[in-house]
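> Structure in structure tokens, see below.
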Amino acid sequence: MELKVLNIEGKETAKKVTLSDAIVGIEPNDHAIYLDVKQYLANQRQGTHKSKEKGEITGSTRKLRKQKGGGGARFGSIKSPLLRGGGRVFGPQPRDYRFKLNKKLKRLARKSALTYKAQKDGLMVVENFSFEAPKTKKMVEIMTNLNIFEKKSLLILKDQNIFVSLSSRNLPQIKVVNISDLNTYDIMNANNLLFMEEAIDALNEFYAEN
């Protein structure tokens, strides 16, 4: 798949780059995308939720009323789940929500997500650029020139660029990632994928090796 390279003014240049059909020309697998996104969201959960059960409540164990004849449910103490302030029945306990996925399945999911974006013309390539210092105003200007400032966009770099990352930190609709950190959730969550020119070759090479 050939993509035209834009400059930071949003105008087309004479350059073109090729994105391998092995990445954006496959038959998308929806279930692979579902599993990879599910794993990503599960990994974000702390799993520190906790409620006290009856045995963990501090309070008297005195029997409040006789076992039968009261006309209501029986309970043995003030710590009963039936009473306000009592323990909770089968409440949440700390747990780890993470689960494993096959590496090939995750790779298939990312390729499927990229294919969907390619089919919807959601891929763009911009000439390599950098900043000498964090410049949020300059980042806004570039995204406005590319006509994607108002949309959720994913800027994909070959390697980490601290000034580019810091320049987009205060812009909630723009996220910056490296090729090695590209994941299915971010691809599907963005309206547009904006690749740095040098990132295309890195993406082709990355999937050729993986």
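The values are calculated or read from the model by the stated rules, or taken from the named source; none is laboratory data. All of these numbers come straight from a predicted model, not from anything done at the bench. Cβ: placed from backbone, ideal geometry, glycine included. Neighbour counts: every protein chain shown. The protein model used for the area step is the full one, side chains on, heavy atoms only, and it has no ligands, DNA or RNA in it. Shrake-Rupley method; radii C 1.70, N 1.55, O 1.52, S 1.80 Å.
> From the list Asn147, Asn128, which one is outside any strand (DSSP E or B), over 29 Å from Leu35 (Cα atoms) and in contact with a Gly (Cβ under 9 Å, 6 or more places away or on another chain)?
Sole residue among the options that is outside any strand (DSSP E or B), over 29 Å from Leu35 (Cα atoms) and in contact with a Gly (Cβ under 9 Å, 6 or more places away or on another chain): Asn147.
> Of all residues in region 154-210, count the ones that are among the β-branched types (Val, Ile, Thr), in a strand (DSSP E or B) and open to solvent by less than 20 Å² (accessible area, probe 1.4 Å).
3
> Say we look at region 43-79 and pick out the residues that are charged (D, E, K, R) and open to solvent by less than 100 Å² (accessible area, probe 1.4 Å); which of these is nearest to the chain's Cα centre (by Cα)?
Lys50
> Restricting to region 14-51, name every residue that is more than 20 Å from Gly122 (Cβ to Cβ) and among the β-branched types (Val, Ile, Thr).
Thr48
> Further question: Please verify whether Thr61 is among the polar types (S, T, N, Q), touching a residue at least 60 places away in the same chain (Cβ under 8 Å) and over 21 Å from Lys111 (Cα atoms), treating the condition exactly as stated.
No, not satisfied.
> Do you know which residues across region 112-129 are farther than 17 Å from Leu3 by Cα and either under 18 Å from the mean Cα position of the chain (by Cα) or of a type in the set (Ser, Thr, Tyr) (or both)?
Ser112, Ala113
> Next question. Which ones in region 67-107 are outside any loop (DSSP other than H, G, I, E, B) and basic (Lys, Arg)?
Hits for region 67-107 are Lys103, Lys104, Lys106, Arg107.
> Quick one: Ala32 ticks every box in (1) part of a helix (DSSP H, G or I); (2) farther than 30 Å from Met1 by Cβ; (3) among the aliphatic types (A, V, I, L, M) bar one, so which box is it?
Evaluating Ala32 over (1) part of a helix (DSSP H, G or I); (2) farther than 30 Å from Met1 by Cβ; (3) among the aliphatic types (A, V, I, L, M) leaves (2) as the failure.
> Here is a further query. Within region 119-153, how many residues turn out to be open to solvent by less than 40 Å² (accessible area, probe 1.4 Å) and touching a residue at least 60 places away in the same chain (Cβ under 8 Å)?
8
> Residue by residue through region 1-29, note down the ones that are in a loop (DSSP other than H, G, I, E, B) and of a type outside the set (Asp, Glu).
Those that are in a loop (DSSP other than H, G, I, E, B) and of a type outside the set (Asp, Glu): Met1, Asn7, Ile8, Gly10, Lys11, Leu19, Ser20, Gly25, Ile26, Pro28, Asn29.
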